[in-house]
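Following: one structure in structure tokens, then a few remarks.
The values are calculated or read from the model by the stated rules, or taken from the named source; none is laboratory data. What you are looking at is a predicted structure, and each value in this text was computed from that prediction instead of being measured. Here the Cβ positions follow ideal geometry from the backbone for every residue, glycine too, while neighbour counts run over all protein chains shown. Ligands, DNA and RNA are stripped out before the accessible areas are found, and what is left, the full protein with its side chains, is counted by its heavy atoms. Shrake-Rupley method; radii C 1.70, N 1.55, O 1.52, S 1.80 Å.
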Amino acid sequence: MSSTKINFVTGNKNKLVEARAILGDTVELSNQNVEIPEIQGSLEEIARQKCRKAAIAVNGPVLVEDSALEFRALKGLPGPYIRCFYSALGDDGLCKLLAGFDDKAATAVCTFAFSAGPGSEPLLFQGRTEGKIVDKRGEGGFAFDPIFEVEGQTYAEMNFAYKNTVSERFKALEKLQDWLRNTA
């Protein structure tokens, strides 16, 4: 059923591998790395704006993704700005942000935005996974995977297939997959 082709605009090859594994033969994902400046705003505003710009850049159907990591003790921060926080602080620094708090609860959020092309309003598909921030454990994964614990394991400790059944990316892509199956 691989008749649908979509450009997944991401420079992160790990996200591309996960998306292809989760979506299977529902859609054929090609990849383009288009540098799109991100606005400040809510997760949804950022994803929609990124998707609109990507659709113009590739002049066709696009899928973009925006990740967030919300710390309950910090009232949702770093949220959609996780990439900047992670680049500046790394895993150890992110853990230190919560050092003075007993509450280590965190929510990983993935928002995919799909546009049929330039001028087409993006549709959003969002997944959330509840967990907590812990000291670094595990060798797998990428980004904050070694410090985000779900069900007693960090994402970095989980095997690839299992992570792709519990992650926020899986939950968001499952919604996209259902929508594609019902509209194609």
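Residues are listed down the side, and each one gets a yes or a no for (1) among the aromatic types (Phe, Trp, Tyr); (2) open to solvent by 10 Å² or more (accessible area, probe 1.4 Å); (3) in contact (Cβ under 8 Å) with a residue 24 or more places away in the chain:
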{"position": "112", "(1), (2), (3)": "yes, no, yes"}
{"position": "127", "(1), (2), (3)": "no, no, yes"}
{"position": "133", "(1), (2), (3)": "no, yes, yes"}
{"position": "156", "(1), (2), (3)": "no, no, no"}
{"position": "162", "(1), (2), (3)": "yes, yes, no"}
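Conditions (1) β-branched (Val, Ile, Thr); (2) in contact with a His (Cβ under 7 Å, 6 or more places away or on another chain); (3) in contact (Cβ under 8 Å) with a residue 60 or more places away in the chain, marked per residue:
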{"residue": "19", "(1), (2), (3)": "no, no, yes"}
{"residue": "22", "(1), (2), (3)": "yes, no, yes"}
{"residue": "25", "(1), (2), (3)": "no, no, no"}
{"residue": "31", "(1), (2), (3)": "no, no, no"}
{"residue": "38", "(1), (2), (3)": "no, no, no"}
{"residue": "44", "(1), (2), (3)": "no, no, yes"}
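Residues in the range 27-45 that are more than 25 Å from residue 79 (Cβ to Cβ) and either small (Gly, Ala, Ser) or open to solvent by 40 Å² or more (accessible area, probe 1.4 Å) (or both): 28, 30, 31, 32.
The single condition among (1) farther than 17 Å from residue 120 by Cα; (2) open to solvent by less than 30 Å² (accessible area, probe 1.4 Å) that residue 24 does not satisfy is (2).
Test residue 144 against the criterion of being surrounded by 22 or more Cβ atoms within 10 Å (Cβ to Cβ), closer than 30 Å to residue 61 by Cα and in contact (Cβ under 8 Å) with a residue 24 or more places away in the chain, and give yes or no. Yes; evaluated as a whole, the condition is true for this residue.
Confirm whether residue 7 is of a type in the set (S, T, N, Q) and open to solvent by less than 50 Å² (accessible area, probe 1.4 Å). Show your work before the answer.
Details: of a type in the set (S, T, N, Q): yes; open to solvent by less than 50 Å² (accessible area, probe 1.4 Å): yes.
In short, yes.
Being farther than 20 Å from residue 176 by Cα and not hydroxyl-bearing (Ser, Thr, Tyr) narrows it down to one of 140, 117, so name that one.
On the way: 117 fails: farther than 20 Å from residue 176 by Cα.
It is 140.
To keep it simple, each residue is scored yes or no on (1) closer than 30 Å to residue 134 by Cβ; (2) touching a residue at least 60 places away in the same chain (Cβ under 8 Å); (3) open to solvent by less than 10 Å² (accessible area, probe 1.4 Å).
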| position | (1), (2), (3) |
| --- | --- |
| 48 | no, yes, no |
| 56 | no, yes, no |
| 59 | no, no, no |
| 67 | yes, yes, no |
| 76 | yes, no, no |
| 83 | yes, no, no |
| 86 | yes, no, no |
| 95 | yes, no, no |
